[in-house]
1. Is it true that residue 146 is farther than 19 Å from residue 170 by Cβ and either under 20 Å from the mean Cα position of the chain (by Cα) or not in a loop (DSSP other than H, G, I, E, B) (or both)?
2. Please go through (1) of a type outside the set (Phe, Trp, Tyr); (2) without any contact (Cβ under 8 Å) to a residue 40 or more places away in the chain; (3) more than 20 Å from residue 176 (Cβ to Cβ) for residue 97 and return the number of the only condition it doesn't satisfy.
3. Search segment 76-134 for residues being among the polar types (S, T, N, Q) and in contact with a Gly (Cβ under 6 Å, 6 or more places away or on another chain), and hand back the single one that is nearest to residue 281 (Cα to Cα).
4. Do you know which residues across segment 220-239 are assigned to a helix (DSSP H, G or I) and without any contact (Cβ under 8 Å) to a residue 40 or more places away in the chain?
5. Can you name the residue in segment 188-200 that is in contact with an Asp or Glu (Cβ under 9 Å, 6 or more places away or on another chain) and closer than 11 Å to residue 218 by Cβ and, of all such residues, is surrounded by the fewest Cβ atoms within 10 Å (Cβ to Cβ)?
6. For residue 156, which of the numbered conditions (1) loosely packed, with under 15 Cβ neighbours inside 10 Å; (2) free of Cβ contacts under 8 Å to residues at least 24 places away in the same chain fails to hold?
7. Suppose we filter segment 35-93 for residues that are touching a strand residue (DSSP E or B) at 6+ places or on another chain (Cβ under 9 Å), surrounded by 11 or more Cβ atoms within 10 Å (Cβ to Cβ) and at pLDDT below 80; how many remain?
8. Could you please let me know if residue 299 is in contact with a strand residue (DSSP E or B) (Cβ under 8 Å, 6 or more places away or on another chain), modelled with pLDDT of 95 or more and among the basic types (Lys, Arg)?
Amino acid sequence: MSSRRNFIKQTSIIGIAGLINPIEAVSSVQKNAPLFSTKKTKWADGSRLVVSISMQFEAGGQPQNAESPFPQNIQKGFIDLPAATWYDYGYKEGIPRMLDNWDKLGVKVTSHMVGTAVLKNPELAKEIVQRGHEAAAHGMNWSTQYTMPYEEEKNFIKDGVDAIKKITGFTPIGYNANWLRRGQNTLDILQELGFKYHIDDLSRDEPFIIQVKNKDFAVVPYTLRCNDIVLIEGKNFSTDQFLQQVKMEFDQLYAESETQRRQMSISFHDRIGGTPQMVKAAYELIRYMQQHTGVSFKRKDENCRNCFTR
């Protein structure tokens, strides 16, 4: 498994993406190179700007001695016990606190769920869906899937889906690979398994359509620059810095949305975004957005459906 912490240090923060409803003819091997697009000024429901929130449910699915804020100097053969409690916080405190916050704000989110995390915390996984949020797939565990042969990767993805369906009754149609690092076969596999969209793309501020196995497949892109694991954990931003940066992102996209459809993506992780200070920041941020005319909050499966609306 590649280190998430090294990824944070080495990766420059680029693009989020969103919805313009173009049609793009590309093979599943080709990258998502647009051929043409038709921009509209509003979404199908009349929204001016759509805000899409991700809530990653990962705690309990991490490998032993996974990277954490603690120095990575644990001796071989020993368990990093305090690091394990850092992950435990995600399901014991983080997600329950975020769920209450979303209810208070009246917004629904997409929760990308790791299969083993769901199996270890079934009641919490069920509660997420029962509160009206989308359950999307996030692999069976934190394994690196881009190195897997086709059938191994297919089983890896399917096992994660089966865990979510078994526990929550919800059938995921969206996918997020570990650190967005899908492989050459991933989209073909997702199409074969009945998925409708993936989020492992940073190239736009609007969702779009690609061709996978000669069929339409939606891309509802993710974000790094509005992402707590990058800004709070990786760069040690204060909550004030996080709040200011994401507000500036919103203000610019809102201005652009006067003449074209825009989507803003924000990402929270169970053990980071669920801390008291980050939940308070999220509350202030979303209340600020809700004061603007034409702003709506949608799950990614809703954005996917809008992507297919001609």
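1. Answer is yes for this residue.
2. In the conditions (1) of a type outside the set (Phe, Trp, Tyr); (2) without any contact (Cβ under 8 Å) to a residue 40 or more places away in the chain; (3) more than 20 Å from residue 176 (Cβ to Cβ), residue 97 misses (2) alone.
3. Restricting to residues being among the polar types (S, T, N, Q) and in contact with a Gly (Cβ under 6 Å, 6 or more places away or on another chain), the top hit is 121.
4. Residue satisfying the conditions is 231 alone.
5. Only one residue tops the list, namely 196.
6. The failed condition is (1).
7. 2
8. It is true that residue 299 is in contact with a strand residue (DSSP E or B) (Cβ under 8 Å, 6 or more places away or on another chain), modelled with pLDDT of 95 or more and among the basic types (Lys, Arg).
The values are calculated or read from the model by the stated rules, or taken from the named source; none is laboratory data. Please read all numbers here as calculations on a predicted model, not as lab measurements. For neighbour counting, all protein chains shown are included, and Cβ atoms are generated from backbone atoms with ideal geometry for every residue, glycine included.
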